[in-house]
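Notes to accompany the following structure.
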Amino acid sequence: MKLFGYWRSSATYRVRIAMALKGLDYDYAAVNLLKGEQREASYGDLNPQNLVPALVTDDGATLTQSLAIIEYLEEAFPDPSILPAGLADRAHARAIAAAIACEAQPFMNLRMQTFLKTERAFDETAMKDWLNRWAGAAMAAVEKIVAQTGGDYCVGDTPTIADACLVPQMYGAARFSVDISAFPRLNEIWKRCNALEAFRKAHPDNQRDATQT
Ligand SMILES: N[C@@H](CCC(=O)N[C@@H](CS)C(=O)NCC(=O)O)C(=O)O
């Protein structure tokens with residue numbers, strides 16, 4: 001398999017965590033978002049949305065959207081599973097993943113921030129307010145959900161797709177000055193995940209394009 005991504009991309013980071021939890025090897029192609037390589041025609045052929053990640057499977061299929069890629073990995077390589085055992089818990093884990101991927105992360109996206117800064121004259125303070133208002137609110141809801149579903153991790157006591165989404169979200173939120181101190185349960189789980197080898201391996205700083213800015 002070949003993963004197209006960027007070291008700091010939280011959506012790519014999710015897929016790297018899922019791959020690492022499942023012990024999967026893959027080739028990696030760095031797409032430098034700051035240089036706009038996601039908008040080059042060759043990459044657009046792979047992902048018409050011009051977003052990372054994309055995964056080319058061993059069968060030659062090109063997959064996009066991190067949650068769809070993670071679900072593919074779960075079905076293609078079910079052991080170890082990154083979904084909880086119970087049906088309701090599986091839905092909880094998917095709901096947390098979706099709350100982060102659909103309702104929190106999009107506000108932190110490069111193209112969104114570039115638009116606000118360059119076309120709407122947002123300064124650092126306005127940007128911080130925007131991110132806290134929208135991404136922060138979505139994360140506050142996840143903090144409440146996890147208070148009901150969580151054990152050591154977001155759902156129960158084993159890392160799942162929910163943790164694969166939470167950890168990159170916390171990393172990005174901290175980077176963009178979202179007040180993550182308001183989320184004690186999420187911080188606790190983030191810290192616990194970061195102590196695991198799979199999460200260490202998937203961390204942005206440990207990618208070979210980590211110096212690209
Ligand atoms: N919903 C998509 C989001 C993908 C996404 O937003 N990728 C960002 C990096 S995290 C990207 O490629 N941004 C490029 C840009 O904004 O131009 C997924 O989960 O894969």
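When the residues of the stretch 4-31 are filtered to those that are part of a strand (DSSP E or B) and more than 12 Å from the ligand (Cβ to nearest atom), the one that is farthest from ASP58 (Cα to Cα) is ALA30. Residues of the stretch 114-130 that are more than 16 Å from the ligand (Cβ to nearest atom), of a type in the set (Asp, Glu) and in a helix (DSSP H, G or I): GLU124, ASP129.
So that you can scan it fast, the table gives a plain yes or no per residue for (1) surrounded by 15 or more Cβ atoms within 10 Å (Cβ to Cβ); (2) in contact with a strand residue (DSSP E or B) (Cβ under 8 Å, 6 or more places away or on another chain); (3) within 30 Å of LEU34 (Cβ to Cβ); (4) in contact (Cβ under 8 Å) with a residue 24 or more places away in the chain:
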{"site": "VAL52", "(1), (2), (3), (4)": "yes, yes, yes, yes"}
{"site": "ILE69", "(1), (2), (3), (4)": "yes, yes, yes, yes"}
{"site": "ASP89", "(1), (2), (3), (4)": "yes, yes, no, yes"}
{"site": "ILE96", "(1), (2), (3), (4)": "yes, no, yes, yes"}
{"site": "ILE100", "(1), (2), (3), (4)": "yes, no, yes, yes"}
{"site": "ALA104", "(1), (2), (3), (4)": "yes, no, yes, yes"}
{"site": "THR114", "(1), (2), (3), (4)": "no, no, yes, no"}
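Hey, does the stretch 189-198 have a residue that's farther than 24 Å from MET112 by Cα and touching a strand residue (DSSP E or B) at 6+ places or on another chain (Cβ under 8 Å)? There is at least one residue in the stretch 189-198 that is farther than 24 Å from MET112 by Cα and touching a strand residue (DSSP E or B) at 6+ places or on another chain (Cβ under 8 Å). When ASP58 is tested against the conditions (1) assigned by TED's automatic domain parsing to the domain that holds CYS165; (2) among the charged types (D, E, K, R); (3) under 18 Å from VAL15 (Cβ atoms); (4) surrounded by fewer than 17 Cβ atoms within 10 Å (Cβ to Cβ), the lone failure is (1).
The values are calculated or read from the model by the stated rules, or taken from the named source; none is laboratory data. Model, not experiment: these values are computed from the prediction. Positions of Cβ are generated from backbone atoms using ideal geometry, with glycine treated the same way; all protein chains shown enter the neighbour counts.
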